[in-house]
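*Asks:* Provided herewith is a single structure, encoded as structure tokens, for subsequent inquiry.
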Protein chains: 2
Amino acid sequence: MRDVARVVGKSPMTVSRALRGDTTVSAKTRALVRQNADEMGYVYDSTAHVFRTQKSGFVAVTVPSINNANFAETFRGLSDGLEGTGMQLLLGSTNYSVDKELEVVRQLLARNPEAIVLTGGTHLPQTRRLLEKAQIPVIEIWDLASDPLGHVVGFSNADAMSKIVHDLAENGRRKLAFIGASEGSDMRGSARREGVIAAAQSLGLPEVRVIDAGFAPVSMRHGMRAVQKLGQAIKQLDALVCVSDPVAFGALNECRRMGINIPQDLAITGFGNFEVATVSSPSITTVNVHANQIGRKVANVLQDIFAGQIDAQWIDVGSTLVRGETV
Amino acid sequence: MRDVARVVGKSPMTVSRALRGDTTVSAKTRALVRQNADEMGYVYDSTAHVFRTQKSGFVAVTVPSINNANFAETFRGLSDGLEGTGMQLLLGSTNYSVDKELEVVRQLLARNPEAIVLTGGTHLPQTRRLLEKAQIPVIEIWDLASDPLGHVVGFSNADAMSKIVHDLAENGRRKLAFIGASEGSDMRGSARREGVIAAAQSLGLPEVRVIDAGFAPVSMRHGMRAVQKLGQAIKQLDALVCVSDPVAFGALNECRRMGINIPQDLAITGFGNFEVATVSSPSITTVNVHANQIGRKVANVLQDIFAGQIDAQWIDVGSTLVRGETV
DNA sequence: CGGTAACATGTTATCGGTAACTAAATTGGC
DNA sequence: GCCAATTTAGTTACCGATAACATGTTACCG
């Protein structure tokens, strides 16, 4: 910039202004500066710009796992909704661990994001402190955080699970088992478990049997193994309520191998309305949590924030029961 | 850093060194600094670091879709392999479009990445020009690019498909159909299609019927629809060779609905060794392309590059046939 | 033609680390 | 116990753009 200034016979400041199209620089000077900068092959140093203005043009996003169709869908909705704003998404994966989350948040914050989006509403105290200290907008998504750090866009896991349990009860299923990740390894999963237990209780159903499918992330093979683990005890159950569709699908296939008829002998439900729920035969009863819409709403919230609106938003996108052939 | 220095009673320079693990700072001081920095919730400003050292600490990565277990797995392998190097991954999604790729590459390059990793070996001429002009290492992955821009880590789609076709032929299947995305919408898919056709030809099999499953990304429902589209014509086939496991799974379920016995009446194969291939019953014959390993190898290549090694590497990670119950 | 508003440009300090250099403290050999 | 070698820590000057403020220049009024 100094070099360009020297050639043009102006100060670096004028060059800076001219290149940014500041109208306080005369049109003539602006054109002159632009032309010379071009001719000299001057390349604007965005790193210095970021450093000086403390605006990175980044929005940081944490997800438990990028290898999950629903989180990926949210990410895409967010990405699409932010197109044209010049904001870029910086992604960090927490592997369903609050400890990893701390580390990831630290790394992300080091890049000076202009806002941070966290999947999930449970964090280490240290993480919370970091975020508060960072003085940037925080959006917690997917869960309806009980003690939000800022904005919230999500749905109630308990509410969604209640829909499932009601549907099961209406179909005469009483003895339920819940298949989910080990306690402590997936907060969202725990919320779903509690939701099932609470709903069953309020409907006067017998106690829900909880089956541990291993550490998060749990997927198809975990559903399969959980059913294997149950063995013949499965005969005493009316329904398997699974923490996600992939788990339900794994369970479904293992049941089939064991000669159990679905849904005659046993109902199975999933969560998340993954593609596999629809395509599977029988198709799996599940809950659509509008993953893409969450991303879009977050994009809207961010645009509001950047436009100067600051009061914390709290958005419940709700959930919808999707009836399949497994109930 | 100044604040931490004041608390610890040292100079900012010492803090800087301590946090970077410089051994010219005594172990005692280092521990002290680290602890206080933690307690104070100090966040390292990598923007300033980037600015001062003129190194962005970014590696840019493009993928066709993050909502794909295999690409996600590669990304994770890369991410894991780069842990501890301080490099961060900047992700851009191209939606299987070379036009979108151009745009994404442009955006990524504006952040001054120190290297760029491209999934796929086919690009617009304009994209190639941009990349050449950027003067940074380029790594093309997944395909073995015919005219590489730099380094290559991938496998041969033709080779992988040939393994599948040979396995089918050995089991007496002769009349094959290939289900994949519309021509031009997925280069990797096209390479697989050509691979099937070539392998069938070299084995003296009848001409392969090509079934268009719609625009990429194609998934379970596309496999389902492709089979619906085939209708009764499917009775004349011996095998459905699908461009990916999800497509194969969709096709498999639709066949089941139509009362076709798999594998007695018809063989079905997938690609990619997705979880669904194993869990499905019957399990699907597929090819493992070592997605995670690709990511790891890329991480190694990057480390070599940053260590100063510059000659272009060309790594074929190969592929492995995984026999399932659908052949 | 003096004076001020409106416009155009310049000056200075700074964002937060860190390379290169300098200086102090400690160690160890004799 | 002394001095050189080694270890540890501090100083200074940046990286390049730009916000905030200061100054210079022109336009236009009565």
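*Asks:* Scan (1) part of a helix (DSSP H, G or I); (2) within 16 Å of DNA strand D (Cβ to nearest atom) for the single condition B:Lys10 breaks and write down its number.
*Replies:* Only one criterion is unmet by B:Lys10, namely (1).
*Asks:* Another question about this same structure. Could you check how many residues of the range A:211-223 are buried (at least 22 other Cβ atoms within 10 Å of the Cβ) and either part of a helix (DSSP H, G or I) or free of Cβ contacts under 8 Å to residues at least 12 places away in the same chain (or both)?
*Replies:* Result for the range A:211-223: 3.
Table: residues versus (1) under 21 Å from A:Leu109 (Cβ atoms); (2) open to solvent by 20 Å² or more (accessible area, probe 1.4 Å); (3) in contact with a His (Cβ under 9 Å, 6 or more places away or on another chain); (4) within 8 Å of DNA strand C (Cβ to nearest atom).
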| site | (1), (2), (3), (4) |
| --- | --- |
| A:Met13 | no, yes, no, yes |
| A:Thr24 | no, yes, no, yes |
| A:Ala27 | no, yes, no, yes |
| A:Ser46 | yes, yes, no, no |
| A:Arg52 | yes, yes, no, yes |
| A:Val61 | yes, no, no, no |
| A:Asn67 | no, yes, no, no |
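*Asks:* Looking at the range A:85-105, I want the residues that are not assigned by TED's automatic domain parsing to the domain that holds A:Gly120 and have a partner that is crowded, with 18+ Cβ neighbours inside 10 Å with Cβ atoms under 8 Å, at least 6 apart or on another chain. Which pairs are those?
*Replies:* Matching pairs, first to second residue: none at all.
*Asks:* Anything in the range A:154-172 that is assigned to a helix (DSSP H, G or I), open to solvent by 30 Å² or more (accessible area, probe 1.4 Å) and under 18 Å from A:Ile294 (Cβ atoms)? List them, or say none.
*Replies:* Those that are assigned to a helix (DSSP H, G or I), open to solvent by 30 Å² or more (accessible area, probe 1.4 Å) and under 18 Å from A:Ile294 (Cβ atoms): A:Ala158, A:Asp159, A:Lys163.
*Asks:* Does B:Ala60 fit the bill of being under 26 Å from A:His49 (Cβ atoms) and either away from DNA strand D (no atom under 12 Å from the Cβ) or among the acidic types (Asp, Glu) (or both)?
*Replies:* On the way: under 26 Å from A:His49 (Cβ atoms): yes; either away from DNA strand D (no atom under 12 Å from the Cβ) or among the acidic types (Asp, Glu) (or both): yes.
Here the answer is yes, as B:Ala60 does meet what is asked.
*Asks:* Of all residues in the range A:264-288, which are surrounded by fewer than 23 Cβ atoms within 10 Å (Cβ to Cβ) and closer than 28 Å to B:Ala226 by Cβ?
*Replies:* Those that are surrounded by fewer than 23 Cβ atoms within 10 Å (Cβ to Cβ) and closer than 28 Å to B:Ala226 by Cβ: A:Glu275, A:Thr278, A:Ser281, A:Pro282, A:Ser283, A:Asn288.
*Asks:* If you check every pair at least six apart or on different chains, which have Cβ atoms under 7 Å apart with a residue in the range A:1-26 that is in contact (Cβ under 8 Å) with a residue 40 or more places away in the chain first and a residue that is surrounded by 13 or more Cβ atoms within 10 Å (Cβ to Cβ) and of a type in the set (Gly, Ala, Ser) second?
*Replies:* A:Met1/A:Ser16
*Asks:* Answer yes or no as to whether B:Ile260 is surrounded by fewer than 22 Cβ atoms within 10 Å (Cβ to Cβ), β-branched (Val, Ile, Thr), out of contact with any helix residue (DSSP H, G or I) (no Cβ under 6 Å at 6 or more places or on another chain) and part of a loop (DSSP other than H, G, I, E, B). Don't jump to the end; show me each part of the working.
*Replies:* Values: surrounded by fewer than 22 Cβ atoms within 10 Å (Cβ to Cβ): yes; β-branched (Val, Ile, Thr): yes; out of contact with any helix residue (DSSP H, G or I) (no Cβ under 6 Å at 6 or more places or on another chain): yes; part of a loop (DSSP other than H, G, I, E, B): yes.
Spelling it out, B:Ile260 is indeed surrounded by fewer than 22 Cβ atoms within 10 Å (Cβ to Cβ), β-branched (Val, Ile, Thr), out of contact with any helix residue (DSSP H, G or I) (no Cβ under 6 Å at 6 or more places or on another chain) and part of a loop (DSSP other than H, G, I, E, B).
*Asks:* Does B:Thr122 qualify as being part of a loop (DSSP other than H, G, I, E, B), of a type in the set (Val, Ile, Thr) and away from chain A (no Cβ under 14 Å)?
*Replies:* Spelling it out, B:Thr122 is indeed part of a loop (DSSP other than H, G, I, E, B), of a type in the set (Val, Ile, Thr) and away from chain A (no Cβ under 14 Å).
*Asks:* I'm trying to understand the selection: among the residues of the range B:62-105, which are facing chain A (nearest Cβ under 10 Å) and assigned to a strand (DSSP E or B)?
*Replies:* Answer for the range B:62-105, where residues must be facing chain A (nearest Cβ under 10 Å) and assigned to a strand (DSSP E or B): B:Val63, B:Gln88, B:Leu89, B:Leu90, B:Leu91, B:Gly92, B:Ser93.
*Asks:* Among the residues in the range A:238-245, are any part of a helix (DSSP H, G or I), in the same structural domain as A:Asp147 (by TED's automatic domain parsing) and either at pLDDT 95 or above or surrounded by fewer than 19 Cβ atoms within 10 Å (Cβ to Cβ) (or both)? Write out each step before concluding.
*Replies:* Keep residues of the range A:238-245 that are part of a helix (DSSP H, G or I), which gives A:245.
If we keep only those that are in the same structural domain as A:Asp147 (by TED's automatic domain parsing) too, we end up with none.
Checked the range A:238-245: no residue is part of a helix (DSSP H, G or I), in the same structural domain as A:Asp147 (by TED's automatic domain parsing) and either at pLDDT 95 or above or surrounded by fewer than 19 Cβ atoms within 10 Å (Cβ to Cβ) (or both).
*Asks:* Still on this structure: Looking at A:Val196, A:Val208, A:Val138, can you tell me which residue is outside the structural domain of A:Val241 (by TED's automatic domain parsing) and either buried (at least 23 other Cβ atoms within 10 Å of the Cβ) or in contact with a helix residue (DSSP H, G or I) (Cβ under 9 Å, 6 or more places away or on another chain) (or both)?
*Replies:* A:Val138
*Asks:* Of (1) in contact with a helix residue (DSSP H, G or I) (Cβ under 9 Å, 6 or more places away or on another chain); (2) within 11 Å of chain B (Cβ to nearest Cβ), A:Arg174 satisfies all except one. Which?
*Replies:* (2) is the only condition that A:Arg174 fails.
*Asks:* Looking only at the range B:289-327, which residues are closer than 18 Å to B:Val165 by Cβ and either open to solvent by less than 40 Å² (accessible area, probe 1.4 Å) or part of a loop (DSSP other than H, G, I, E, B) (or both)? It would help to see each step written out before you state the result.
*Replies:* Step one: filter the range B:289-327 for residues closer than 18 Å to B:Val165 by Cβ, giving B:289, B:318-324, B:326-327.
Correct list: B:Val289, B:Gly318, B:Ser319, B:Arg323, B:Gly324, B:Thr326, B:Val327.
The values are calculated or read from the model by the stated rules, or taken from the named source; none is laboratory data. These numbers come from a predicted model, not from an experiment. With ideal geometry, Cβ positions are generated from the backbone for all residues, glycine too; neighbour counts draw on all protein chains shown. Ligands, DNA and RNA are excluded from the accessible area calculation, which covers all protein heavy atoms including side chains. Shrake-Rupley method; radii C 1.70, N 1.55, O 1.52, S 1.80 Å.
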